[in-house]
Amino acid sequence: MEALIPVINKLQDVFNTVGADIIQLPQIAVVGTQSSGKSSVLESLVGRDLLPRGTGVVTRRPLILQLVHVDPGDAQKSDDGRGEEWGKFLHTKNQIFTDFDEIRQEIENETERVSGNNKGISDEPIHLKIFSPHVVNLTLVDLPGITKVPVGDQPKDIEIQIRDLILKHISNPNCIILAVTAANTDMATSEALKVAREVDPDGRRTLAVVTKLDLMDAGTDAMDVLMGRVIPVKLGIIGVVNRSQLDINNKKSVADSIRDEHAFLQKKYPSLATRNGTKYLARTLNRLLMHHIRDCLPELKTRINVLAAQYQSLLNSYGEPVEDQSATLLQLITKFATEYCNTIEGTAKYIETAELCGGARICYIFHETFGRTLESVDPLGGLSTIDILTAIRNATGPRPSLFVPEVSFELLVKKQVKRLEEPSLRCVELVHEEMQRIIQHCSNYSTQELQRFPKLHEAIVEVVTSLLRKRLPITNEMVHNLVAIELAYINTKHPDFADACGVMNNNIEEQRRNRMRELPASVPRDKSVGKGPAVVPGEPPVAGADMVGAKAPAVGPQPEQDGTGNWRGMLKKGEDAPSSGPGSPLKGAVNLLDVPVPVARKLSSREQRDCEVIERLIKSYFLIVRKNIQDSVPKAVMHFLVNHVKDSLQSELVGQLYKSGLLNDLLTESEDMAQRRKEAADMLQALQKASQVIAEIRETHLW
């Protein structure tokens, strides 16, 4: 099982080559406050001085430190002069560092290159591998120390920045948290343990390290803390002794420090000496990491396989580099035209689930939007009873009419039928808009290959838009003609209209008979009395037999009629009627054009009956025409717009775009497409290598 850690290191190397952080590999993150001894713990594990030191925030970028154990014999056999121990940075490629002072200087230089020299921090990690026969296989992450108050030119939100950076790393469920706390501080106030508990409340992956055991106050010890009596930690609490700043200044080696640490533990904590110290910490971390890797590998393998499938699909969507331009262009044009037509027919591969699209939306426009709009049009909307009565009188001219004039019916019904044209044209507009939306739908979901060639995509959109724009006025003209056809000839012999008229005539005849039965017996039913007109009870006198009113309705008191049949109301008040003798001048004549237009009065029974007849006829005929329009407009739109575009789309695209002079321009990839294809290919290759590494673990029974 010892070989599991090199496997993880190999996986880390694989993903480092593509600069990816999509796989959360098992590792150990070191968390603690400033000056808690984090750097000293890491250097003790490495056995060499390699980390920058100073005051304030020194670690300003995460340092991913991979410790790789090599056999002493293999290290001595190397012929490249690298010696027994060496280091390599990811950003310096294959450059080998044998001087650990140079490693420290490179860490400082790389930190300032990205984070600047103003004590700011960055979440971009530095990758360092240390090869040595004196280390155990570990992967450690050194994080910036927790701070509370900005010092000097540090950013004001430095505490929040560092906290977010620490949480980003330790939130990884595959990460073991190494919480470092100084022994000369109260364990109950440990910021490292507090942050660790936020992401690991059960403590299943937290190991506590107590540093500076030799700096505790006289008369006190850390026995209770190390035994877990103060704050229990499931993975344990390990105490270590760091080098002091004086030891570092005097160049005291790490090996000497570890030897002094062992002597101190034997003297101060003899019963706990074997379970504390740097060497025990290294072995414990190695063991915990191996067991953690073993538990994480099944999920890690699944994650790698899922990502490999996703990147394979992504790479397929980017397509292969174009070799045969003519064939590629024709294939893309054909695919777009096919998907466009399939979206209308409802057989597209990608079905929209959020809203109606394509043919389904066109159907909704025809039968829901357009149909309900027509049904909401009132057959008598905009027509008042006075309007109908005025139309009847205007149609009779100067002569009284015995019957309701047919011309008035035609004039009024044409006015109502004309109101159907606007919703019909709006229906055409809605279908046109939906066919425009289908273009975008096909571009986004159906033919992702078009995203590779933005100029080709723009050209296709322009050709289809132009075709739709060209068909729009033709379709509008046809719909306009459908309404014009209905207006051109009012077919009163239409079977449905004739049936309605027959029923209406029977009702009117029945009503007339009922009224005749109610007349007094002294009044003749078929002849007028004397020379005056026949008078029906409840109706005002009418000039002329069965006349529909001799004049327009008047407002206010009706004019009086004298015995000679003249209308005194035509004259100004206080003036006599003009003499009718020859040569007698007209005095006080009234200009009839100045009489205000009547607006309301109580209609006679005859007038009410005539208006009802016209209203019923208009409504009956309007419903017939509305039914025709509701049926014929969708058919016209389908024939002149939808079906025509479907049938001619591919030929139009080929004719406009399939030209040798346009091939290079249309098939020019977007600037970032080649880069994205390369990144996807590299990532897929890395995932495939990672999958092979895990497969090797199974074969060697390391899992």
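Out of the residues in the stretch 105-119 that are in contact with an Asp or Glu (Cβ under 9 Å, 6 or more places away or on another chain) and open to solvent by less than 60 Å² (accessible area, probe 1.4 Å), which is modelled with the highest pLDDT? Filtering the stretch 105-119 for residues that are in contact with an Asp or Glu (Cβ under 9 Å, 6 or more places away or on another chain) and open to solvent by less than 60 Å² (accessible area, probe 1.4 Å), the one modelled with the highest pLDDT comes out as V114. In the condition set (1) farther than 30 Å from I624 by Cα; (2) assigned to a helix (DSSP H, G or I); (3) not β-branched (V, I, T), K349 is compliant with all but (2).
Could you tell me which residue of the stretch 244-279 is modelled with the lowest pLDDT, considering only residues that are among the aliphatic types (A, V, I, L, M) and open to solvent by less than 40 Å² (accessible area, probe 1.4 Å)? It would help to see each step written out before you state the result.
From the stretch 244-279, those among the aliphatic types (A, V, I, L, M) are 246, 248, 254-255, 258, 263, 265, 272-273; that's our starting set.
Still in the running and open to solvent by less than 40 Å² (accessible area, probe 1.4 Å): 248, 254, 258, 265, 272-273.
On the way: I248: 78, V254: 83, I258: 88, L265: 91, L272: 89, A273: 88.
Residue satisfying both the conditions and the ranking: I248.
For the stretch 390-426, the tally of residues that are open to solvent by 90 Å² or more (accessible area, probe 1.4 Å) and in contact with a Ser or Thr (Cβ under 9 Å, 6 or more places away or on another chain) stands at 3.
Looking at the stretch 427-468, which of its residues are of a type in the set (D, E, K, R), open to solvent by 20 Å² or more (accessible area, probe 1.4 Å) and closer than 21 Å to L662 by Cβ? Within the stretch 427-468, E449, K455, E458, E462 meet the criteria. For S317, the requirement of being part of a helix (DSSP H, G or I), exposed (fewer than 12 other Cβ atoms within 10 Å of the Cβ) and touching a residue at least 40 places away in the same chain (Cβ under 8 Å) is not met.
Regarding S326, is this residue in contact (Cβ under 8 Å) with a residue 12 or more places away in the chain, more than 35 Å from the chain's Cα centre (by Cα) and farther than 30 Å from C611 by Cα? Yes; evaluated as a whole, the condition is true for this residue. Here is the figure for the stretch 686-703: residues that are at pLDDT below 70 and either within 17 Å of Y311 (Cα to Cα) or surrounded by 15 or more Cβ atoms within 10 Å (Cβ to Cβ) (or both) total 3. The C-beta contact set for the stretch 172-200 (first residue free of Cβ contacts under 8 Å to residues at least 60 places away in the same chain, second residue part of a loop (DSSP other than H, G, I, E, B) and open to solvent by 40 Å² or more (accessible area, probe 1.4 Å), distance under 8 angstrom, 6+ apart or interchain) comprises A183/K212; A183/M216; N184/K212; N184/M216; N184/D217; M187/V230; A188/V230; V199/S171. When each of K627, K678 is tested for being closer than 30 Å to Q310 by Cβ, in a helix (DSSP H, G or I), free of Cβ contacts under 8 Å to residues at least 24 places away in the same chain and among the basic types (K, R), the lone residue that passes is K678. Scanning the stretch 280-298 turns up at least one residue that is among the acidic types (D, E), under 29 Å from T206 (Cα atoms) and either at pLDDT 85 or above or surrounded by fewer than 19 Cβ atoms within 10 Å (Cβ to Cβ) (or both).
Evaluate the following for V141: is it part of a loop (DSSP other than H, G, I, E, B) and crowded, with 17+ Cβ neighbours inside 10 Å?
Values: part of a loop (DSSP other than H, G, I, E, B): no; crowded, with 17+ Cβ neighbours inside 10 Å: yes.
No: the conditions fail for V141.
Scanning the stretch 646-672 for residues that are closer than 17 Å to K470 by Cα and touching a Leu at 6+ places or on another chain (Cβ under 6 Å) gives a single hit, E652.
Remark: pairs (first residue in the stretch 41-67, more than 17 Å from H169 (Cβ to Cβ); second residue among the hydroxyl-bearing types (S, T, Y) and at pLDDT 80 or above; Cβ separation under 6 Å; 6+ apart in sequence or on different chains) = S44/T278; L51/S39. Identify all residues within the stretch 639-665 that are open to solvent by less than 60 Å² (accessible area, probe 1.4 Å) and within 15 Å of Q436 (Cα to Cα); write none if there are none. The answer is L641, V642, N643, V645, K646, L649.
Being closer than 19 Å to A182 by Cβ and polar (S, T, N, Q) is not true of N250. Of the residues examined, E106 is one that is among the acidic types (D, E) and either under 20 Å from S44 (Cβ atoms) or in a helix (DSSP H, G or I) (or both).
Counted as qualifying within the stretch 211-287 are the helices (runs of 4 or more DSSP H) with 2 or more residues that are touching a strand residue (DSSP E or B) at 6+ places or on another chain (Cβ under 8 Å) and in contact (Cβ under 8 Å) with a residue 40 or more places away in the chain, namely 223-226. With respect to the conditions (1) open to solvent by 50 Å² or more (accessible area, probe 1.4 Å); (2) within 21 Å of A636 (Cβ to Cβ); (3) in a loop (DSSP other than H, G, I, E, B), E368 falls short on a single one, namely (3).
The values are calculated or read from the model by the stated rules, or taken from the named source; none is laboratory data. No experiment lies behind these values; they were computed from the predicted model shown. Methodologically, a virtual Cβ is constructed for each residue, glycine included, from the backbone with ideal geometry; neighbour enumeration extends over all protein chains shown. We work out accessible area using only protein heavy atoms, side chains counted, and drop any ligands, DNA or RNA first. Shrake-Rupley method; radii C 1.70, N 1.55, O 1.52, S 1.80 Å.
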